1. Within the range 90-132, what residues put their amide N at less than 15 Å from the label point 7 Å along the Cα-to-Cβ vector of residue 62?
2. Which ordering of 62, 13 is given by a fewest-first count of other beta-carbon atoms within 10 Å?
3. If you stretched the chain out fully between residue 72 and residue 90, how much longer would it get, using 0.36 nm times the residue separation minus the C-alpha to C-alpha distance?
4. Does the chain classify as rounded, prolate or oblate by the C-alpha gyration tensor (a ≥ b ≥ c root eigenvalues; a/c under 1.5 gives rounded; else a/b over b/c gives prolate, otherwise oblate)?
5. Specify the inter-centroid distance of the range 1-51 and the range 95-131, based on alpha-carbon positions, in whole Å.
6. At 7 Å along Cα-to-Cβ for each site, give me the label-to-label distance between residue 6 and residue 48 in nm.
7. Highest mean first, what order results for 28-40, 65-77 on Cβ atoms within 10 Å?
8. May I ask you to order 49-60, 116-127 by the average number of other C-beta atoms within 10 Å around their residues, highest value first?
Amino acid sequence: MTASATDTVNSFFQALGSGDMAAAMALLAADCRWTYHGPDGVIPWAGTFTGPDGVGQFFARFGEHAEPVEMAPQSMEAAGATVFVRGIETSRVKATGKTYSVPWIHAIAVADGRIASFDEYIDSAAVAAAMA
């Protein structure tokens with residue numbers, strides 16, 4: 001039986017939540033496109049990253065500059081092979097010590113049981129303000 005798009009996304013968030021990065025990365029397609037929509041040059045982890053190595057760079061940049069406090073998905077709805085997840089992120093910026101808590105929406109496309117694209121829409125103005 002093939003996993004549904006929602007199952008794949010659920011598994012991804014569960015792996016991230018438990019700190020199992022290897023399991024999370026295994027759910028990414030080889031050519032996955034990961035985009036954090038925000039001002040490049042202001043938020044160091046903003047931009048588009050390709051493939052598991054690129055996504056690893058995204059997480060490395062985030063971890064270099066911020067510390068997650070909470071990443072809580074609140075709802076998940078599938079529209080065909082695209083899963084929309086709504087949630088809240090609270091993180092602390094290491095350089096400033098400021099914390100931001102913002103809602104987000106992720107649009108995640110799944111193909112062949114793997115995440116093909118991940119678009120993260122967040123209140124980037126609040127994140128940028130915490131960077132300053």
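FYI, it's all coordinate maths here, none of it is from the lab. Note that the structure is a prediction, hence the values are computed from the model and not measured. Methodologically, a virtual Cβ is constructed for each residue, glycine included, from the backbone with ideal geometry; neighbour enumeration extends over all protein chains shown.
1. What the label zone holds, given the 15 Å backbone N cut-off, is 90-94, 100-108, 117-124, 127-128.
2. 62, 13
3. Going from the current span to full extension adds 5.6 nm.
4. prolate
5. About 11 Å separates the Cα centre of the range 1-51 from the one of the range 95-131.
6. A separation of 3.0 nm, rounded to one decimal place.
7. With the highest mean Cβ count within 10 Å placed first, the list reads 28-40, 65-77.
8. Descending mean neighbour count gives 116-127, 49-60.
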